[in-house]
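Beneath this line is the structure, given in structure tokens, with notes to follow.
Each reported figure results from applying straightforward, stated rules to the coordinates on display, with no laboratory input. Please read all numbers here as calculations on a predicted model, not as lab measurements. Counting neighbours? That spans all protein chains shown, and the Cβs are built from the backbone with ideal geometry, glycine included.
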Amino acid sequence: MFNLYNPAEISSRATAAFIGMAIGDALGATVEFMTASEIAAKYGTFKEIIGGGWLRLKPGQVTDDTEMALCIARAIVENQGWSVEKIAHNFAAWLKSRPVDCGDTCRKGIRAYMLNGTLESPPNEWDAGNGAAMRIVPVALFSLPDGELLKKYALEQAHITHNNPLSDAACICLGELLHLAICGASRTRLRRQADGLVARFPTFHFEPYRGLATGYVVDTLQTVFHWFFKGKNFEECVVGTVNQGADADTTGAICGMLAGAYYGMEGIPQRWLKKVDRNVISEINMLAGRLIAASPAGSMM
């Protein structure tokens, strides 16, 4: 099932997943909270990293999606292993730094940790946002290719801020898709995995596509799956996703991580890679390599 005989390819796809997330984030942030028709009227097809948007970003600047993923990756590398406490600590330091953006559910969970040391938010039917799923890349890399470790880590990091069955299912499914794609699985195999999520949670069904791309994790995954399986290359997948508007930085980030893992570094447009904050790309390259080296896959290669 897993191709661990090509360490260079595994490493490249893992790095591409992390960088793809940052690219989708930086691209989508410009059109966040716009409608698809507003984007079409203003840009035609929006496909360049130009910054701006409601957050008034610099071109290539990333948002909370990438920043929270980096918090998790740094925690693993600094701790030389998995530590929910270290992840929560990094989230708290990040929030204190006055980030450009932070979702309400993430803020609530992080504040609970800061005030009470809480590492697991109570179950909440209203916490089915995409804020835990958007930061899943480092979890997938560090657990590769162990599915049980993935589930454990995915839920522990998620529950710092989001404790909801739909959020949990989305985090695990995305992690599984990343494992498969990084190890060279076919698009047919990836589709079967996505269909498995729909079978267990029919609310995630994405055919026919409803065109909703909100921060509700169901809308988010429907949009990502629709465009990922429709696109023929990295650019088509991510451009289609962010042009739906709404929570475009997060849908873009999640589609970017899947497309990066599937198409690899050679599939990522150079013009986008050159636009994203140099410091972010440099740190991602370093962290991705260390996460894979420290993973079960790293010890097998």
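Note the full-extension length gain between T118 and D195 as 0.36 nm times their separation in residues minus their Cα-Cα distance, in nm to one decimal. Taking 0.36 nm per residue and subtracting the Cα distance, the gain is 24.3 nm. Per residue, the Cα convex hull of region 1-139 amounts to 167 Å³. Taking the chain as a Gaussian network of alpha-carbon nodes connected by springs under 10 Å, the highest mean-square fluctuation of the residues M257, M114, M68 belongs to M114.
Highest GNM mean-square fluctuation among L178, L141, L150, for the chain modelled with Cα contacts below 10 Å: L150.
Of the trypsin sites (Lys or Arg not before Pro) found in region 173-246, those in coil by DSSP whose Cβ has at most 15 other Cβ atoms within 10 Å are R210, K232.
Placing +1 on the Cβ of every Lys and Arg and -1 on the Cβ of every Asp and Glu, with no other charges, gives the chain a dipole of roughly 480 debye about its Cα centre.
For the chain, with the dipole built from +1 on Lys and Arg beta-carbon atoms and -1 on Asp and Glu ones, taken about the Cα centre, which of A154, A132, T45 lies farthest toward the positive end? Looking along the dipole axis, the top candidate is T45. A Gaussian network model of the chain, with springs between Cα atoms under 10 Å, assigns the largest mean-square fluctuation among N163, N90, N279 to N279. For region 277-286, backbone phi angles converted through the Karplus equation (6.51, -1.76, 1.60; θ = phi - 60°) give residue-by-residue couplings of 2, 4, 5, 5, 4, 4, 5, 4, 4, 5 Hz, Gly and Pro being listed as x. Remark: region 178-301 carries a charge dipole of roughly 300 debye about the Cα centre, counting +1 on each Lys and Arg Cβ and -1 on each Asp and Glu Cβ.
Over all other residues within a Cβ to Cβ distance under 15 Å of L155, the charged ones net out to -4, with Lys and Arg as +1 and Asp and Glu as -1. Roughly how far apart, in whole Å, are the Cα centres of region 136-158 and region 181-206? What the calculation gives is 17 Å, centre to centre. For the set K42/K230; K47/K275; K58/K275; K230/K275; K47/K230, the pairs lying more than 20 angstrom apart at their alpha carbons are K42/K230; K230/K275. Between the beta carbons of N285 and E85, assuming R0 = 25 Å, the FRET efficiency works out to 0.40 to the nearest 0.05.
In this Cβ point-charge picture (+1 for Lys and Arg, -1 for Asp and Glu), region 8-120 has a dipole of about 280 debye about its Cα centre. Across region 244-249, rounded Karplus estimates of 3J(HN,Hα) from the backbone phi angles (6.51 cos²θ - 1.76 cosθ + 1.60, θ = phi - 60°) give 6, x, 6, 8, 5, 5 Hz, Gly and Pro being marked x.
Rounded, prolate or oblate, given the Cα gyration tensor of region 10-65, with a/c below 1.5 counting as rounded? Since a/c reaches 1.5 and a/b is larger than b/c, the shape of region 10-65 is classed as prolate. Close amide H pairs (under 5 Å, H built 1.01 Å from N) link G52 with L57, K58, residues at least 5 positions away or on another chain.
When I39, I254 are arranged by Cβ crowding within 10 Å, least crowded first, meaning fewest neighbours, the order is I39, I254. For Kirkwood radius over Cα pairs in Å, the value computed from the atomic coordinates appears in the list [x] 20.1; [y] 18.5; [z] 21.6 under label [y].
Annotation for region 92-189: chymotrypsin sites (Phe, Trp or Tyr not before Pro) lying in DSSP loop with at most 12 further Cβ atoms inside 10 Å of their Cβ are W126.
Considering helices alone, the calculated mean residue ellipticity of the chain at 222 nm is -20000 deg cm²/dmol, with DSSP H runs of length four and up weighted by -39500 (n - 2.57) and normalised per residue.
What does the C-alpha gyration tensor say about the overall shape of region 125-211? Classify as rounded when a/c is under 1.5, otherwise prolate if a/b is larger than b/c, or oblate. Oblate shape, in that a/c is at least 1.5 and b/c is the bigger or equal ratio.
Between the alpha-carbon centres of region 39-106 and region 236-278 there is a gap of 15 Å. Label region 126-284 by shape, choosing from rounded, prolate and oblate, from the square roots a ≥ b ≥ c of the eigenvalues of the Cα gyration tensor; if a/c is under 1.5 it is rounded, and otherwise prolate applies when a/b is larger than b/c, oblate when it is not. Rounded.
Look at the alpha carbon pairs under 8 Å that are at least 6 residues apart: their mean separation over the length of the chain gives a relative contact order of 33 percent. Looking at I281, T35, M114, which one has the Cα that reaches farthest to the positive end of the dipole of the chain (charges on Cβ: Lys, Arg +1; Asp, Glu -1)? My answer, from the dipole projection, is I281.
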